[in-house]
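Let me begin by presenting the structure, written as structure tokens, before commenting on it.
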Amino acid sequence: MIPSRLIEIRIHGRGGQGSVVAAYLIATAALEDGQFGQAFPSFGAERRGAPVTAFARVAEVPVRRRCQVSAPSFLLVQDEGLLHTADITDGLVPDGAMLVNSSRAGSEFAAARNFNLVTIPATSLANEILGRPVPNTAIVAAFLSLTNLIRADALETALARQFSGEILDRNVRLVREAARLVPAGAWKELCDGAAAA
């Protein structure tokens with residue numbers, strides 16, 4: 001029997017940026033796509049602006065692991081200031097990749113020397129489309145576009161479970177724009193070579 005892949009994702013952000021919601025969106029979209037998903041947070045000081053870590057897993061079979069993600073294939077960083085944290089890349093697999101919320105080019109970051117790093121101006125997009133500086137849905141959409149891990153319409157269905165009306169319409173517009181700004185499928189091979197579940 002061929003082992004099924006397990007994609008592990010760690011999300012770093014600050015309180016108020018929606019890191020936990022981002023993890024749950026990934027897991028819910030995976031379920032909508034006929035896969036299995038898992039999401040959970042890890043909180044330190046629970047206050048706006050404090051560092052927050054959330055975890056997500058996507059697999060083709062039920063996910064049995066219940067521990068935090070210590071060796072992620074992907075890091076989603078919702079605040080570029082967190083890249084200055086010494087341990088942010090700890091455990092990232094050698095061929096892993098990072099998606100960073102920034103208007104700067106990925107090549108400007110020191111971490112780009114060791115990892116595949118892509119940036120997207122998620123906060124700017126969210127401000128423009130949602131009227132709020134909450135980058136999570138844009139980050140998730142860009143990640144899913146880069147990996148082709150989950151169908152885009154599955155993410156939109158997951159959003160419809162969270163939002164309705166104009167808020168849903170704006171979020172759908174945001175995820176479509178974010179997905180358009182990154183090279184679609186650029187990280188697909190990284191998912192294909194992921195560890196077995």
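A few remarks follow.
- Looking at the stretch 50-102, the trypsin sites (Lys or Arg not before Pro) that sit in a DSSP loop and have at most 14 other Cβ atoms within 10 Å of their own Cβ are Arg64, Arg65, Arg66.
- Antiparallel DSSP beta bridges within the chain, percent to nearest 5: 60
- Taking His84, His12 and counting other C-beta atoms within 10 Å, the order from fewest to most: His84, His12
- Extending 7 Å from Cα along the Cβ direction at Arg151 and again at Asp90 yields two label points whose distance is 3.9 nm.
- A helix-only calculation puts the chain at -10500 deg cm²/dmol for mean residue ellipticity at 222 nm, using -39500 (n - 2.57) for each DSSP H run of at least four residues, averaged over all residues.
- When the charge dipole of the stretch 1-144 is built from unit charges on Cβ atoms (+1 for Lys and Arg, -1 for Asp and Glu) and taken about the Cα centre, the candidate among Ala39, Val77, Gly96 whose Cα reaches farthest toward its positive end is Ala39.
- When +1 charges are put on Lys and Arg Cβ atoms and -1 charges on Asp and Glu Cβ atoms, the dipole computed for the stretch 6-192 relative to its Cα centre reaches about 320 debye.
- In the stretch 86-151, trypsin sites (Lys or Arg not before Pro) in a DSSP loop with at most 10 other beta-carbon atoms within 10 Å: none
- Taken as Cα centroids, the stretch 124-186 and the stretch 42-110 sit 18 Å apart, rounded to the nearest whole angstrom.
Here, each number is a calculation from the coordinates, and none is a lab measurement. All values reported here derive from a predicted model rather than from experimental measurement. Because the Cβ atoms are built from the backbone with ideal geometry, glycine has one as well, and the counts that use them run over all protein chains shown.
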